[in-house]
Every structure is written in C-alpha cells, then in structure tokens.
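Trainee: Questions regarding the structure given below will be posed in turn.
The values are calculated or read from the model by the stated rules, or taken from the named source; none is laboratory data. Please read these numbers as outputs of a predicted model, since none were measured by experiment. Cβ placement follows ideal geometry from the backbone for every residue including glycine, while neighbour counts extend to all protein chains displayed.
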Amino acid sequence: MNALLSALRVAVGDGHVLTEGDLSAYELDWRKRYRGRALAVVRPASTIEVAAVVKACAAHGASLVPQGGNTGLVGGGVPDGSGTQVVLNLGRMTRIRAVDPANLTMTVEAGCILQTLQQAADDAGLMFPLSLAAEGSCTIGGNLATNAGGTQVLRYGNARELCLGLEVVTAQGEVWDGLSGLRKDNTGYDLRDLYIGSEGTLGVITAATLKLTPRPGARVTAMAACADVAAAVRLLELARARLDAGLSGFELMSRFSLELVGRHFPQLPQPLPQAPWCVLLELSSAGEEAGRAALEALLGEALEQGLIDDAAVAQSLAQSRNLWHLRESIPLAQSEEGLNIKHDIALPVSAIPAFVEATDAALERAVPGARLVNFGHVGDGNLHYNVQAPEGIDSAAFLAAHESAINALVYAEVRRHGGSISAEHGVGALKRDILPLYKSPVALSLMRTIKTALDPLATMNPGRLI
Ligand code: FAD
C-alpha cells in the first residue's frame, strides 16, 4: 500500500493525498447510514491527474470510489469499511471551460457545484434548469453519475436529457474526449448514455457539455390544497391541458411532511396549514402578469371542479421562494426527525392514487401507527414514499425491526403498479442486493457484460449498483 500512496502523491502532489486527521466528510454519507474507511482521499486538479490516479490504482490492484459533493442518498459515494479503497474526490475540478450562447451549451468540469453552474448560465442570460434541494453542495459530476432528477424534470428532463457530451477517464486510465455540443450525432453506440447513471462503476466523469435553455421571462408559483392524491393527479391533468409546456413544476406534499417542516423549521410560514395534501405548481411564462393570470384561471377552474379546496398564489419573488423553501426543507426536516425508511420510486402518474391507497392500507395493517412522509415530483411520476417510526418509537430500533419487511411490502406494490424501485437517487449500496429481485435476468446479464467489458479489474466503485 505504501507504493500505491507514493504513486498517488506523485500523481496529484503530497498535499492532495489525505490519509490522516478527520476524514469523515469523505467517509460518511449524507444520511449518516454508511460510514466507511478510506486508504486515502485523493483530490486531483485536472483530467490528466485523474487519469494518473486511476492508472495507479489499477496497477496496484486497488479500487476507487469517485466522489463529488457526497450528497448522494444511496451510499454510493463513500468507501466500504475495508480501509483499502481510494476516494477520488473531484472537488478541485471546478473550471467552467466554455460557455457558447449561440449553441446553447456550457462545458464544465465535474467538480463544479450545481448552483455555481445555474449562476453561470444566468450570467450569460440563459438557464441551466437542473434543480434540486442539494444544489448548493452537489456537483455536476455526481448529478450525471446518478442521472439526477429534481424539480424541473416535468419540463426539462433528467440530467441525462441536459447533457450533450462527456469527458471520461476510463477504468484503464485512458481519457475519452466526448465533449460534443451536437444535438444530432448518430455514429454508433451512445457512450455518453452508458456513463450517465452508472454511479461511478464504469469510469470517472471529468467534464461535461451541458444543454442550456433560454431563460423564461417569469416564474409564477402557487400552492393548492387537495383532499387526496387522486384529486392532485386530476389537477395535474388539468394543469397540463391549460398550461401546456409552461408547467415547469408540480410537487406533491402530504400534511405530515409539512408538519415535520413546521416542527423543525417553524420560521417558514405555511399558507395552507389544514390541507391534507398540498400541491406546489410552477408556471414558466413570458411575463409575470400573464403568468399569474393563467395560474389563477387554472386554480379557479380546479376549484369549480372540486379538485382543490383552497389555493395561494405567490405575489412576489419572496413568497415564491418561501413556497419552494417549504418543499425543499422536507428532506432536511425528515433527517432532523430521525432516520426513516426511504423509497424513491417512480410510477406511471395514472397509477399513483391506487398505489398510495393500497400501500398506505397494507402498511397500516403491517405496522400500525407508522407515519408516512409522502412527497415528491409527482408531475413526472416520482414519489418519495418514506416510512417514519410511530410516535415515541426509537428510529434505529424501528429500522432494525421493520426495514426489510417494509421494503418488500412497498416494492411489491411498486411492481404491481408498473413502477421502478429507484426513480432518481440510484442504486448505490442501498439497493444493490435487491436490484435482482426487480430487474429482469436479461437486463442484469447485459449490465454485467458491460461492467466486465469496461472495468475487468473491478477498479471502479465495486460493490455498488451491480
Ligand atoms: P456524490 O454523492 O458524491 O456521488 C453520488 C454517486 O455518483 C456515487 O456513486 C459516486 O461514486 C458517483 N460519482 C460522483 N461524482 C462522480 C464522477 N465525477 N464520476 C463518476 N461517478 C461519480 N437527487 C435527485 O435526483 N433529485 C432530487 O430532488 C434530490 N434531492 C436531494 C436533496 C437533498 C437534501 C440531498 C442531500 C440529496 C438529494 N438528491 C436528489 C440526491 C442526489 O443524488 C445528489 O444530491 C446528487 O445528484 C449527487 O451529487 P454529488 O456530487 O453529491 O455526488
């Protein structure tokens, strides 16, 4: 191992190979569920240095774990407990290499923080629409490696749809320069799509060419109260019909999710405190007044049809920010409340009401009193269906006693309703062992073939995803 450490120091410089002191920022995941031990944390500053690190690891038979902002929620970006893995943290690779307004693209390094990229696009009078609550600390490399979704998928798509080209260091330490800004390029297998969503198991993403879009003139936000999930889904249908592509956000939040926000962030005002379910709608439009009028007309119609009981339209940017803040505070409020059993699932939108009804009932029979933190990007069919311990029961004891049974119950309903067990967070360590239960043998065999072909020595993030 000393020979490997020496090679790593040669590759990136002594000061950027960390082996001592408090490494918990790199070894402990965001949810504090996975605590590993790294042989070293290596922080390269360039693609060439990344390539040298990968070559050194491969030559010494060591494996490495690519890491961006370490905000992933499935334990894929931290080392295992062996003390033999190298954490390759991309945090020093933060250059914006080019912005091309005419081509609506931006080429950036993998360690750029998402929020910095949103700002850079804005500075160019454009928009990079990927948006999620971790945007102040997650990196674009991590976003692409997990094919992150977030709150704007309904209109702009997942990270995959927002990426035109990649630069990747392969598991052999070679550099693949695929930084194309082309919207059409049918010249064979799509290598970019192979690396996007591969969770660091095939290669290291070192840079990307991202798609920018014109900035909408205004974004208008409202919150509506629904009696149940079926009403919320019918509201979505109506909103799509009336607002068309202008509908850029549609988030569902249960009363209990918002109660947790109220408990842990009491300073945030809640406009509809009695609503059993709240929907956050966002309309992107050319002008603010026209947008607000369109949103108000939609909500008036929804009220007449009995789809909603009440609504509040934000009258200022500050009010709009507050509504988003409520939604974005749910993950943090949950973690303040204690660990819960998370299910990041995707369903056909039309199946969501039946899924929620059946699964809520089955859970109440199995674990009476369990509290459900239901919220999510329902506009694109993504639900965060999380199960919290009954009031007064210790979270850790609850997880130890019920996690496997509750997962089996929830995922059986997901399958029955035509859904996926991972919508946007990925598989990582959390769902690796159960993936074979929900993926066809043919799909798994093809995935293994790809993994073995691209990473025969299992250098890249072994034990994750597959
Ligand atoms: P990390 O956590 O560091 O890594 C994640 C995975 O990607 C790991 O497997 C790692 O090995 C791999 N990886 C990282 N960088 C690279 C690279 N350069 N090359 C190859 N592999 C790499 N996700 C959503 O999709 N939508 C949401 O709405 C959302 N909301 C969130 C809210 C909160 C509060 C938090 C904490 C997380 C949320 N997430 C959400 C999870 C999401 O996956 C991450 O925030 C983000 O996409 C990961 O980026 P990161 O830089 O932190 O990656």
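Trainee: Just to verify a result, which residue in region 131-144, among those that are under 13 Å from Gly200 (Cα atoms) and within 10 Å of the chain's Cα centre (by Cα), is farthest from the ligand (Cβ to nearest atom)?
Mentor: By that ranking, first place goes to Leu144.
Trainee: Turning to a different aspect of this structure: Tally the residues that are assigned to a helix (DSSP H, G or I) and of a type outside the set (A, V, I, L, M, F, W, C), restricting the search to region 395-424.
Mentor: Number satisfying all stated conditions: 9.
Trainee: Leu90: within 12 Å of the ligand (Cβ to nearest atom) and either without any contact (Cβ under 8 Å) to a residue 40 or more places away in the chain or not small (Gly, Ala, Ser) (or both), yes or no?
Mentor: Yes.
Trainee: So, one more: Scanning for something surrounded by 21 or more Cβ atoms within 10 Å (Cβ to Cβ), of a type in the set (S, T, N, Q) and either in contact with a helix residue (DSSP H, G or I) (Cβ under 7 Å, 6 or more places away or on another chain) or at pLDDT below 95 (or both), does region 78-89 turn up at least one residue?
Mentor: Taking every residue of region 78-89 in turn, at least one turns out to be surrounded by 21 or more Cβ atoms within 10 Å (Cβ to Cβ), of a type in the set (S, T, N, Q) and either in contact with a helix residue (DSSP H, G or I) (Cβ under 7 Å, 6 or more places away or on another chain) or at pLDDT below 95 (or both).
Trainee: Then there's this: Within region 445-466, restricting attention to residues that are of a type in the set (A, V, I, L, M, F, W, C) and not in a helix (DSSP H, G or I), which residue is surrounded by the most Cβ atoms within 10 Å (Cβ to Cβ)?
Mentor: Met460
Trainee: From the list Thr151, Thr187, exactly one residue is more than 22 Å from Pro44 (Cβ to Cβ) and within 12 Å of the ligand (Cβ to nearest atom). Which is it?
Mentor: None of the others qualify; the one that does is Thr151.
Trainee: Condition first: within 18 Å of Arg464 (Cβ to Cβ) and away from the ligand (no atom under 14 Å from the Cβ). Now tell me which residues in region 1-55 satisfy that.
Mentor: Arg35, Arg37, Leu39
Trainee: Also: Take Leu399 and tell me if it is touching a residue at least 60 places away in the same chain (Cβ under 8 Å), more than 17 Å from Pro276 (Cα to Cα) and surrounded by 15 or more Cβ atoms within 10 Å (Cβ to Cβ).
Mentor: Judged against the criteria, Leu399 is a match.
Trainee: When you go through Ser329, Ser316 one by one, which is the residue that is of a type in the set (S, T, N, Q) and closer than 15 Å to Glu251 by Cα?
Mentor: Ser329
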